[in-house]
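Working notes, beginning with the structure itself.
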Amino acid sequence: MTSKSIHPLKLNFMKKSLNVVGFIAALLMFSTVVMKSNHLPGAGIVMVLAGVALSIYLPFFLLYKPGDTSSSEKNIAGVVGAISASILNLGITFKFMHWPGAGVMIVLGLTSFALVFMPILLRKKLKGEASERKTTMNTLGASGLTLFALGILFKIQYWPGADVMLGLSVFLLFFGYFLMYMLDKSIELEAKTNYLRKAFFAVIIGSVVASLILVALNKPFLKQQPGQEVAVNK
């Protein structure tokens, strides 16, 4: 269903709902950082509410594309991606709070992204593609993102092989996909610049988020001072 086939009143309601949920999610996420950094009471509750709000907002954000007349296959990819992101976000929230079920949700979120969403997206990209170069390029990009997601999953779960997958993901994504895309002369420079600007920004944000998750789940944010450690031991 596209935005053109939706009644104007329903479309306006969807837009307003998207804005309200986004506002609440952003406010709670921002408040969590401020409260956590200042060790204020109630930070944990606010973080849980932020995780729930973000899990609700992500599907709306990823699926709402006004004027999009794409095929049902692309819609399926969007739905799977939105569900994966929502489940993963809830899993990370549960992990921070040390609640049961966090591991299951993280595994489901990253696995569905890597083994369901990426293959569907790659199949859509390769459908009707006559260029062997672009086929190879898109395959390398999808493989790099798949290995990155699986590498993060294996790292969080302390499973062997995480370092190998993360290293291969860097090689395939940057020295395979991005390098081939930058050297592709069949793509107009303006279109290439716009796409790379968004792609690099997404990669940077994703890398920062993944790094913060790994640091938060595997190491304390601040090392204890010697005096503090003695006080605890007493």
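No value in this document is a laboratory result; all are computed from the given coordinates. Quick caveat: nothing in here was measured; it's all calculated off a predicted structure. Methodologically, a virtual Cβ is constructed for each residue, glycine included, from the backbone with ideal geometry; neighbour enumeration extends over all protein chains shown.
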Along the charge dipole of region 85-207, pointing to its positive end and built from +1/-1 on Cβ of Lys, Arg, Asp and Glu, which listed residue (Asn138, Leu150, Ile92) has its Cα farthest out?
Asn138
Simple spin-label model, 7 Å along Cα-to-Cβ: Leu183 to Val34 in nm?
4.9 nm
Can you compute the charge dipole magnitude of region 99-217 about its Cα centre, using +1 on each Lys and Arg Cβ and -1 on each Asp and Glu Cβ, nothing else charged? Give it in debye, rounded to the nearest 20.
240 debye
Report the residues of region 160-183 in range of a label on Arg133: point 7 Å along Cα→C-beta, backbone N strictly under 17 Å from it.
175-183
Expressed in angstrom and ordered largest first, the alpha-carbon extents of region 84-197 along the principal axes are 51, 25, 24
Calculate one ³J(HN,Hα) per residue across region 29-38 by plugging θ = phi - 60° into the Karplus curve 6.51 cos²θ - 1.76 cosθ + 1.60, and present them in order as whole Hz with x for glycine and proline.
5, 5, 5, 4, 4, 5, 5, 5, 5, 9
If the chain between Ser17 and Thr193 were fully stretched, how many nm would it gain, using 0.36 nm times the residue separation less the Cα-Cα distance?
60.1 nm
